[in-house]
1. Residue separation times 0.36 nm, minus the C-alpha to C-alpha distance between L8 and D88: what's the value?
2. For the ranges 70-83, 19-32, 53-66, what's the packing order if you count other beta-carbon atoms within 10 Å of each residue, average per peptide, and put the highest first?
3. Short version: what are the Cα gyration tensor semi-axes of region 33-75, square root of 5 times each eigenvalue, largest first, in whole Å?
4. Hey, what number do you get for the chain at 222 nm if only DSSP H runs of n ≥ 4 count, each worth -39500 (n - 2.57), divided across all residues, to the nearest 500?
5. If I stretch the segment between K114 and A45 completely, what's the gain in nm (0.36 nm per residue apart, minus their alpha carbon distance), one decimal?
6. On the accessible surface of the chain, probed at 1.4 Å, how many percent belong to carbon and sulfur atoms?
7. Only helices at least 24 Å long along their axis, Cα-based, and averaging -1.0 or more on Kyte-Doolittle count here, so list those DSSP H runs from the chain.
8. Considering every pair of different Cα atoms, what Kirkwood radius, in Å, is found for region 1-74?
Amino acid sequence: MLRFIVQLLVTALALWLASEIVPGVEVLSTGSLLAAAFLLGLANAIVRPILTVITFPLTLITFGLFLLVVNAMVIGLVASLLGGFNIDGLGAGIGAAIVTGIVSWIAGWFIGPKPDRA
């Protein structure tokens, strides 16, 4: 449970940072930020794997770069479901995906791998 809360806070931090850095990404309140982080976690667990499988040929042709578009689409889906979180176009979504990915990657260094359950 603690790992889930830490991941939620890291995602919220990443989305906040994206709203500060990337033009076209807007978060209106802290509640919207936490809700967007939670919904993004759900969408990454459910929708993203489906989109990744469907778009695998494009991902292969573009040497994996199309995954940025898939991540932007998932972030855009969350923004369309949430009133206080706005993404203005695909470019802003790709920028938010890059920032979110980098922050999550850096946080993974500190959080460490998931412990094995025996």
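1. Fully extending the segment from L8 to D88 adds 26.5 nm.
2. The peptides rank, most packed first, as 70-83, 19-32, 53-66.
3. Semi-axes, largest first: 22, 10, 5 Å.
4. That calculation yields -25500 deg cm²/dmol at 222 nm.
5. Stretched fully, the K114-A45 segment lengthens by 23.3 nm.
6. 74 percent
7. Helix filter hits for the chain: 2-21, 30-54, 90-111.
8. Computed over Cα pairs of region 1-74, the Kirkwood hydrodynamic radius comes out at 13.5 Å.
The values are calculated or read from the model by the stated rules, or taken from the named source; none is laboratory data. Because the structure is predicted, anything quoted here is derived from the model rather than measured. In this analysis, Cβ positions are derived from the backbone assuming ideal geometry, glycine residues included, and neighbour counts consider all displayed protein chains. We work out accessible area using only protein heavy atoms, side chains counted, and drop any ligands, DNA or RNA first. Shrake-Rupley method; radii C 1.70, N 1.55, O 1.52, S 1.80 Å.
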